[in-house]
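Everything on this sheet refers to the single structure shown next.
The values are calculated or read from the model by the stated rules, or taken from the named source; none is laboratory data. Nothing here was measured: the structure is a model prediction, and the numbers come from that model. For neighbour counting, all protein chains shown are included, and Cβ atoms are generated from backbone atoms with ideal geometry for every residue, glycine included. The area values use the complete protein model at the heavy-atom level, side chains included, leaving out ligands, DNA and RNA. Shrake-Rupley method; radii C 1.70, N 1.55, O 1.52, S 1.80 Å.
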Amino acid sequence: MKFLLIVCLILFSITIKAQHIVPKLRYSYSSLEPFIDSITMRIHYSKHHQAYVTNLNKALGSDQTKALEELFKSISTSSPAVRNNGGGHYNHTLFWELLSPNPSKTPNVELLNQINKQFGSQDSLQRLINANATSLFGSGWVWLIVTPNKELKVTTTSNQDNPLMDVVKENGIPILAIDVWEHAYYLKYQNKRADYLKNIWNVIDWKVVSEKYINAVK
Ligand code: MN
């Protein structure tokens, strides 16, 4: 009887562990002010991201063996709930990681060389990213990805799709992501998406982007 109880407890704890969770933020809701306001951060993280995770766990049920990256490779065969909420969870996890109250404003040498080679300068890359994000119709994300032939590329996706999914036009490893859903900026910037995009570079940590670049080109 005691043995059975222990087995049940172990199985139960494995089930708990297998659930997706919202990762801890490394900074406070208010620490990205004035560029991203505290209320937006709180709602975005604790309500929106949490909802993606809750709904993803619900949609996957006990079928939680695959890592998200694996799931995305054949997401065309998954339900819309897994695609939308799995994307929502992955994309926001990456986004929080890239933001910082004291960001490094320049890429490392390897990434900067590649940026200069392909885009002329960091400034022109950032302008290209913003132009793509501004012209994206509706909700979605703008990305800087490393393509399969190790080139950088700016791309956009709709809704919560991302460049790891087999349903998008450009596949690659995302090293930078900017959320261009209205929930990411509307409270502070209202209809002025371009102002949000101009300001967000004050809190994008190029050190994190550079680390992701190094891993992606390995
Ligand atoms: Mn969002």
- Task: Report whether or not residue 109 is open to solvent by 30 Å² or more (accessible area, probe 1.4 Å), modelled with pLDDT of 95 or more and farther than 21 Å from residue 196 by Cβ.
- Result: yes
- Could you list, in sequence order, all residues of the range 36-45 that are over 18 Å from the mean Cα position of the chain (by Cα) and outside any helix (DSSP H, G or I)? 37
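What number of residues in the range 71-85 are small (Gly, Ala, Ser) and more than 17 Å from residue 171 (Cα to Cα)?
Residues meeting the conditions: 3.
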- Does residue 213 satisfy the criteria of being more than 14 Å from the ligand (Cβ to nearest atom) and crowded, with 19+ Cβ neighbours inside 10 Å? yes
- State whether one or more residues within the range 91-106 are at positive phi and of a type in the set (Gly, Ala, Ser). no
- Message: Please go through the range 186-218 and give me each residue that is among the polar types (S, T, N, Q), in a loop (DSSP other than H, G, I, E, B) and at negative phi, ordered by number.
- Response: 191, 202
- What is the one condition in (1) farther than 19 Å from residue 134 by Cβ; (2) over 14 Å from the mean Cα position of the chain (by Cα) that residue 192 does not satisfy? (1)
- Item | Scan of the range 128-146 for residues that are more than 27 Å from residue 80 (Cβ to Cβ), open to solvent by less than 40 Å² (accessible area, probe 1.4 Å) and not hydrophobic (A, V, I, L, M, F, W, C), ordered by number | 130
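When you go through 105, 73 one by one, which is the residue that is in contact (Cβ under 8 Å) with a residue 12 or more places away in the chain, in contact with a helix residue (DSSP H, G or I) (Cβ under 8 Å, 6 or more places away or on another chain) and away from the ligand (no atom under 16 Å from the Cβ)?
105
Could you run through the range 77-102 and say how many residues are more than 16 Å from the ligand (Cβ to nearest atom) and open to solvent by 70 Å² or more (accessible area, probe 1.4 Å)?
Number of matching residues: 3.
Working only within the range 177-202, note down all residues that are farther than 12 Å from residue 140 by Cα and within 15 Å of the ligand (Cβ to nearest atom).
Correct list: 185, 186, 187, 188, 189, 193, 196, 197, 200.
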- Of the candidates 161, 166, the one satisfying the condition of being within 16 Å of the ligand (Cβ to nearest atom) and open to solvent by less than 70 Å² (accessible area, probe 1.4 Å) is 161
- Counting only residues that are open to solvent by less than 40 Å² (accessible area, probe 1.4 Å) and either farther than 28 Å from residue 185 by Cα or away from the ligand (no atom under 16 Å from the Cβ) (or both), which one in the range 46-67 is nearest to the chain's Cα centre (by Cα)? 57
